[in-house]
Amino acid sequence: MVANAGGPVMSMYFLATRAQVMTFLGTSAWFFAIVNIVKVPFLAGLGLFPGPVLLMDAVLAPLVVIGALIGLRIARRIDQRLFDRIVIGLTIVGAVYLLF
């Protein structure tokens, strides 16, 4: 269940390869979507999907779509240098959080 801890490493790799914003975001999104889908049967087997959780997921799903659309608009307009700096900052924050 710690597979998403690879996020900071993946971010640094994409920055090192000078991946463009849309490539960076698209590849990361697909990778972690696949990782999380693979985890679903194991999480279900542990009983981590009770009715109230699934109901809350259904209620919040439209907000995920809205957030994705807003993020897409921002990603298409953001300057590459600014994006890289934001990713570095958030990667440091995420890595420090994982250490503690």
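The values are calculated or read from the model by the stated rules, or taken from the named source; none is laboratory data. Just so it is clear, the model here is predicted, and its values are computed rather than measured. Backbone-built Cβ (ideal geometry, glycine too); neighbour counts: all protein chains shown.
Evaluated against (1) closer than 28 Å to L99 by Cβ; (2) loosely packed, with under 11 Cβ neighbours inside 10 Å; (3) basic (K, R); (4) in contact (Cβ under 8 Å) with a residue 24 or more places away in the chain, R76 falls short on exactly one condition, (1). Tally up the residues in the stretch 60-69 that are within 15 Å of the chain's Cα centre (by Cα) and either exposed (fewer than 10 other Cβ atoms within 10 Å of the Cβ) or of a type in the set (A, V, I, L, M) (or both), please. Adding up the residues that qualify gives 4. For the stretch 2-13, the criterion of a residue being modelled with pLDDT of 95 or more and within 13 Å of the chain's Cα centre (by Cα) is satisfied by no position. Does A16 count as surrounded by fewer than 10 Cβ atoms within 10 Å (Cβ to Cβ) and within 26 Å of A95 (Cβ to Cβ)? Yes: the conditions hold for A16. Would you be able to say whether some residue in the stretch 2-11 is part of a helix (DSSP H, G or I), within 29 Å of L99 (Cα to Cα), of a type in the set (S, T, N, Q) and free of Cβ contacts under 8 Å to residues at least 60 places away in the same chain? For the stretch 2-11, residues part of a helix (DSSP H, G or I), within 29 Å of L99 (Cα to Cα), of a type in the set (S, T, N, Q) and free of Cβ contacts under 8 Å to residues at least 60 places away in the same chain: present. For the condition touching a residue at least 40 places away in the same chain (Cβ under 8 Å) and within 14 Å of S11 (Cα to Cα), A29 does not qualify. Do you know which residues across the stretch 50-100 are out of contact with any Leu (no Cβ under 7 Å at 6 or more places or on another chain), among the acidic types (D, E) and in a helix (DSSP H, G or I)? Correct list: D57 only. Restricting attention to the stretch 43-100, the residues being more than 24 Å from A5 (Cα to Cα) and charged (D, E, K, R) number 5.
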